[in-house]
Amino acid sequence: MVLDPVEQADYRAALKALKTSGTGLRVAAEEHAKAIEILGGNLVLEAARFYAKRNIHTLPKITVTEACQTFIDSIDRVPYRKLIRTNLKRFSESFHIDLKMVQSPDIDDFIRNLKLSERTKKNTRMAVAALFSFGVSRGWIPRDHDVMNGVRSYGDGDGEVLIYSVAEMEKLMHFARPEMVHWLAIAAFAGLRHAEIQRLDWSDIDDEFITVGKAKSKTRTRRLVPVAGNLKTWLKPFWKPSGPVSQFSIVCDQLEKVSKSSGIKWKKNGLRHSYISYRLAKTQDVNAVAIEAGNSPAIIFVGASFIKC
């Protein structure tokens, strides 16, 4: 085959362009053609720029198996570690690639094709989500790598997680007796458990945080819960240097009265679930919300109704 002058010029230009890359002309042509086929058009440069922008090529290489084991080893609480290990076992065995290369469709197909119960699929999804959140914190994958966004959710037969809308919350606060307003605000806008609020003292609350001490926390672990702007507004008229936050020994009676007077059906754990759901939608950081709420990341996913913020 004899090349005409134009083809000869193209050939020489192609060799010159590839000289610094160390790639042969044939390999370069084949890879370029394959890339066009994968992308569905001549978008190779755009794809390369997107890849470089996310700095994937600068991130450490860690396989799914290695990431799973490191994550499991980092968990102190034995029950949670056991749950994560069980639900990541199949995932680890199914993906023999770098963690950062796993995409939403891969995870969605993997979970959907499991010959297991809906509850197990749900637990698997939660474990994988916790793994990727851990991966972000370790710098293994980009912070904008929202891989779980396209993965469908599964139920477990325990019922839907119910939360209060903004309008419902406003109505509850409006009809609550004054002594209950700050109690409701802390439950809905800080996510403290009922028993934790009952043990809380005003001295535990300042402009920035609510300090839930070991003796007052269900998990016997001290934690700091941020005081958001809306919570600060609701608490300001009631705050004092010290004294019990709750003025009622049996708060359930008061909650029932608020529900009845407002006409808003009471939702079991609805205030705490609302905080978790809205906070998770805003921060997109399951580990941070888990720390604030005093739960494991897996439990946070159980207690969240996924909403768009």
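Considering region 29-127, the qualifying helices (runs of 4 or more DSSP H), each wholly inside and each with 2 or more residues that are closer than 18 Å to V147 by Cα and modelled with pLDDT of 85 or more, run over 64-74, 78-94, 104-112. Just one residue in the set R199, R220 is without any contact (Cβ under 8 Å) to a residue 12 or more places away in the chain and out of contact with any strand residue (DSSP E or B) (no Cβ under 7 Å at 6 or more places or on another chain); that residue is R220.
When R85, R90, R125 are checked against the criterion of being of a type outside the set (F, W, Y), open to solvent by 70 Å² or more (accessible area, probe 1.4 Å) and in contact with a Phe, Trp or Tyr (Cβ under 9 Å, 6 or more places away or on another chain), a single residue qualifies: R90. In the set (1) buried (at least 20 other Cβ atoms within 10 Å of the Cβ); (2) closer than 16 Å to K236 by Cα; (3) not small (G, A, S), D207 fails one condition alone, (1).
Within region 136-154, does at least one residue satisfy the condition of being acidic (D, E) and surrounded by fewer than 12 Cβ atoms within 10 Å (Cβ to Cβ)? Within region 136-154, one or more residues are acidic (D, E) and surrounded by fewer than 12 Cβ atoms within 10 Å (Cβ to Cβ). The set of residues from region 200-230 being modelled with pLDDT under 95 and in a helix (DSSP H, G or I) comprises G229, N230.
Scanning region 225-251 for residues that are within 15 Å of Y275 (Cβ to Cβ), in contact (Cβ under 8 Å) with a residue 60 or more places away in the chain and touching a strand residue (DSSP E or B) at 6+ places or on another chain (Cβ under 9 Å), which turns out most open to solvent (accessible area, probe 1.4 Å)? Per the stated criteria, the residue is P226. Beta carbons closer than 7 Å, at least 6 apart along the sequence or on distinct chains, pair a first residue in region 275-298 that is aromatic (F, W, Y) with a second that is modelled with pLDDT of 85 or more and assigned to a helix (DSSP H, G or I) for Y275/A188; Y275/F189. Quick check: anything in region 10-20 open to solvent by 90 Å² or more (accessible area, probe 1.4 Å), at pLDDT below 70 and under 26 Å from D108 (Cα atoms)? The answer is no; no qualifying residue exists.
Considering region 227-254 alone, what residues qualify as being within 22 Å of I291 (Cβ to Cβ) and touching a helix residue (DSSP H, G or I) at 6+ places or on another chain (Cβ under 7 Å)? Those that are within 22 Å of I291 (Cβ to Cβ) and touching a helix residue (DSSP H, G or I) at 6+ places or on another chain (Cβ under 7 Å): A228, N230, L231, L235, V245. Within region 187-221, the residues that satisfy the criterion of being among the β-branched types (V, I, T) and out of contact with any Asp or Glu (no Cβ under 9 Å at 6 or more places or on another chain) are I197, I205, T219, T221. Taking the criterion of being in contact with a Lys or Arg (Cβ under 7 Å, 6 or more places away or on another chain) and either among the hydroxyl-bearing types (S, T, Y) or closer than 17 Å to S296 by Cα (or both), the only residue of region 125-152 that qualifies is V136. Does region 276-292 contain at least one residue that is of a type in the set (A, V, I, L, M) and within 14 Å of E168 (Cα to Cα)? No, because not a single residue in region 276-292 is of a type in the set (A, V, I, L, M) and within 14 Å of E168 (Cα to Cα).
Of the residues that sit in region 74-110 and are within 18 Å of the chain's Cα centre (by Cα) and aliphatic (A, V, I, L, M), which one is nearest to T219 (Cα to Cα)? Ranking the qualifying residues of region 74-110, first place goes to I75. For residues that are without any contact (Cβ under 8 Å) to a residue 60 or more places away in the chain and farther than 12 Å from A176 by Cβ, scanning just region 257-268, find the one that is surrounded by the fewest Cβ atoms within 10 Å (Cβ to Cβ). Checking each candidate, the answer is K265. Please enumerate the residues belonging to region 283-309 that are at pLDDT 80 or above and within 18 Å of I210 (Cβ to Cβ). T283, A288, V289, A290, I291, E292, A293, G294, listed by residue number. Pairs linking a residue in region 119-140 that is at positive phi to a residue that is at pLDDT 85 or above, with Cβ atoms under 6 Å and 6 or more positions apart or on different chains, do not occur.
The values are calculated or read from the model by the stated rules, or taken from the named source; none is laboratory data. Please read these numbers as outputs of a predicted model, since none were measured by experiment. Heads up, the Cβs are rebuilt from the backbone with ideal geometry, glycines too, and the neighbour counts pull from every protein chain shown. Surface accessibility is based on the protein's heavy atoms, side chains included, excluding ligands, DNA and RNA. Shrake-Rupley method; radii C 1.70, N 1.55, O 1.52, S 1.80 Å.
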